[in-house]
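K.L.:
To start, I am sharing the structure in question, which I have written as structure tokens.
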Amino acid sequence: MSFILKSEDDYEDLLGLWSDLEAGLAMVLSHPNGVQEFAARIQQYDRWMQNLIQHDTDVALYLLFQLAAHSPVGYSASHALVCGVLCHLLAREVQLPTTERDSLVHATLTMNIAMTGLQDQLANQRSRPTPEQDLAVRSHEGRGADLLRALGITNALWLDTVQQHHQEISLPADLMRVPPPQRLAHMLNVVDRYAAMISPRQSRAGRSATESAKNIVTGKDTPNSQVGQLLVRMVGLYPPGTFVQLDDATVGVVMRRRQDQRPDLAIVLNDKGQLMRPPSLHSSFNGKPAITAALPASRVQEHLNHYLILQLGAHAV
């Protein structure tokens, strides 16, 4: 179902719902011991996330990729939410049973619960992690599972997925032939690394989504590329919200995916690097100008009117 943005107020309302979801998740992850009925709260945020996605998946991805690529503030909750959306979409793509899908998404939202504050700190830290920080990072999976048990989580698949989400698991060709704990842990592992690559840190800029996708599919540290291939097929080499260089020296931002990896764009910078007022609609399916490369978000510093861009995207449906 397409979510038509009839006014700038509609855009602000939609952005506000995503921001409120992220803020609520951040509060729960930062202060888990102060949350009554922790499991029910995570389930509530999961339903909230699904409701926002079902309005329009492309708009949801646009807002999420912009959010992930532009600011490291509140990184831990933002990262968890991006990964939660991607895991939800992957689960739908491979038709996971509902119980597995729920365990995967709930594990994704809580995978770093034992290092929420540290993860935010590291995102804003220019220096390398200290030995103490490094130890906390390397032990967070087990500590996270223990904390979730203490918070009343009894779902073994949720706990196992958190416990194993950084383990490299060698998989056969068919993902669905793998036992559920290994299957979900591997899916989360791939999504986690993909989302981390596109997100900026103070110590480095985020990579372009295309560069991250190619690394996930073909990187030497990827023991099996099936999940990476599914992820790229699902969100595209050029996901909504990512910037692209065109062969006429203009720059566009992707609004909507197309199956042939030639998405609909809003051209936002002219061939002199100046802001287009207003942005112009372009379908790369129609040919020139053609996409030559994806760009990291750090390459586009101008303040964009995302309402106008998404409104163009609604007309491209």
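K.L.:
Taking the options Leu135, Leu96, Leu151, Leu118, name whichever one is closer than 21 Å to His79 by Cβ and either modelled with pLDDT of 95 or more or of a type outside the set (A, V, I, L, M) (or both).
P.N.:
Numbers: Leu135 fails: either modelled with pLDDT of 95 or more or of a type outside the set (A, V, I, L, M) (or both); Leu96 fails: closer than 21 Å to His79 by Cβ; Leu118 fails: either modelled with pLDDT of 95 or more or of a type outside the set (A, V, I, L, M) (or both).
That would be Leu151, the only listed residue that is closer than 21 Å to His79 by Cβ and either modelled with pLDDT of 95 or more or of a type outside the set (A, V, I, L, M) (or both).
K.L.:
Is it the case, given these coordinates, that Arg143 is in the same structural domain as Met197 (by TED's automatic domain parsing), part of a helix (DSSP H, G or I) and either touching a His at 6+ places or on another chain (Cβ under 9 Å) or free of Cβ contacts under 8 Å to residues at least 24 places away in the same chain (or both)? Before you say what the answer is, go through the steps one by one.
P.N.:
On the way: in the same structural domain as Met197 (by TED's automatic domain parsing): yes; part of a helix (DSSP H, G or I): yes; either touching a His at 6+ places or on another chain (Cβ under 9 Å) or free of Cβ contacts under 8 Å to residues at least 24 places away in the same chain (or both): no.
Spelling it out, it is not the case that Arg143 is in the same structural domain as Met197 (by TED's automatic domain parsing), part of a helix (DSSP H, G or I) and either touching a His at 6+ places or on another chain (Cβ under 9 Å) or free of Cβ contacts under 8 Å to residues at least 24 places away in the same chain (or both).
K.L.:
Tell me yes or no: at least one residue of the range 74-83 is free of Cβ contacts under 8 Å to residues at least 40 places away in the same chain and out of contact with any Phe, Trp or Tyr (no Cβ under 8 Å at 6 or more places or on another chain).
P.N.:
No, because not a single residue in the range 74-83 is free of Cβ contacts under 8 Å to residues at least 40 places away in the same chain and out of contact with any Phe, Trp or Tyr (no Cβ under 8 Å at 6 or more places or on another chain).
K.L.:
If you don't mind, another one. With the checklist (1) crowded, with 20+ Cβ neighbours inside 10 Å; (2) at pLDDT 85 or above; (3) not hydrophobic (A, V, I, L, M, F, W, C) in hand, flag the one item Asp248 doesn't pass.
P.N.:
Only one criterion is unmet by Asp248, namely (1).
K.L.:
Of the conditions (1) of a type outside the set (A, V, I, L, M); (2) within 24 Å of Leu64 (Cβ to Cβ); (3) touching a helix residue (DSSP H, G or I) at 6+ places or on another chain (Cβ under 6 Å), Gln95 fails just one. Which one is it?
P.N.:
(3)
K.L.:
Can I ask one more? When the residues of the range 1-26 are narrowed to those that are of a type in the set (Gly, Ala, Ser) and not in a helix (DSSP H, G or I), which ends up modelled with the lowest pLDDT?
P.N.:
Across the range 1-26, the extreme among qualifying residues is Ser2.
K.L.:
Count, please, the residues in the range 92-127 that happen to be among the charged types (D, E, K, R) and touching a residue at least 60 places away in the same chain (Cβ under 8 Å). Give the derivation first.
P.N.:
Start the filter on the range 92-127 by keeping residues that are among the charged types (D, E, K, R), which leaves 92-93, 100-102, 120, 126.
In the following step, the residues that additionally are touching a residue at least 60 places away in the same chain (Cβ under 8 Å) were identified as 93, 100, 126.
Residues meeting the conditions: 3.
K.L.:
Quick one: how many residues across the range 3-52 are closer than 29 Å to Gly313 by Cα, among the small types (Gly, Ala, Ser) and within 20 Å of the chain's Cα centre (by Cα)? Write out each step before concluding.
P.N.:
Here is the first cut: in the range 3-52, the ones closer than 29 Å to Gly313 by Cα are 3-25, 45-52.
Of the ones still in play, those that are also among the small types (Gly, Ala, Ser) are 7, 16, 19, 23-24.
Filter once more, so that each one left must be within 20 Å of the chain's Cα centre (by Cα): 16, 19, 23-24.
Qualifying residue count, the range 3-52: 4.
K.L.:
Further, regarding this structure: Within the range 249-286, how many residues are closer than 20 Å to Leu64 by Cα, of a type in the set (Lys, Arg) and part of a strand (DSSP E or B)?
P.N.:
Here the count works out to 1.
K.L.:
Next up: Looking at Ser208, Ser170 in this structure, which one is closer than 24 Å to Thr99 by Cα, of a type in the set (S, T, N, Q) and modelled with pLDDT under 80? Before you say what the answer is, go through the steps one by one.
P.N.:
Working: Ser208 fails: closer than 24 Å to Thr99 by Cα.
From the options Ser208, Ser170, the qualifying one is Ser170.
K.L.:
Do we find that Val59 is more than 17 Å from Leu231 (Cβ to Cβ) and in contact with a strand residue (DSSP E or B) (Cβ under 9 Å, 6 or more places away or on another chain) in this structure?
P.N.:
Numbers: more than 17 Å from Leu231 (Cβ to Cβ): yes; in contact with a strand residue (DSSP E or B) (Cβ under 9 Å, 6 or more places away or on another chain): yes.
In short, yes.
K.L.:
Residues being surrounded by 20 or more Cβ atoms within 10 Å (Cβ to Cβ) and at pLDDT below 90: count how many of those fall in the range 36-56.
P.N.:
Qualifying residue count, the range 36-56: 1.
The values are calculated or read from the model by the stated rules, or taken from the named source; none is laboratory data. Nothing here was measured: the structure is a model prediction, and the numbers come from that model. Every residue, glycine among them, receives a Cβ derived from its backbone with ideal geometry; neighbour counts consider all protein chains shown.
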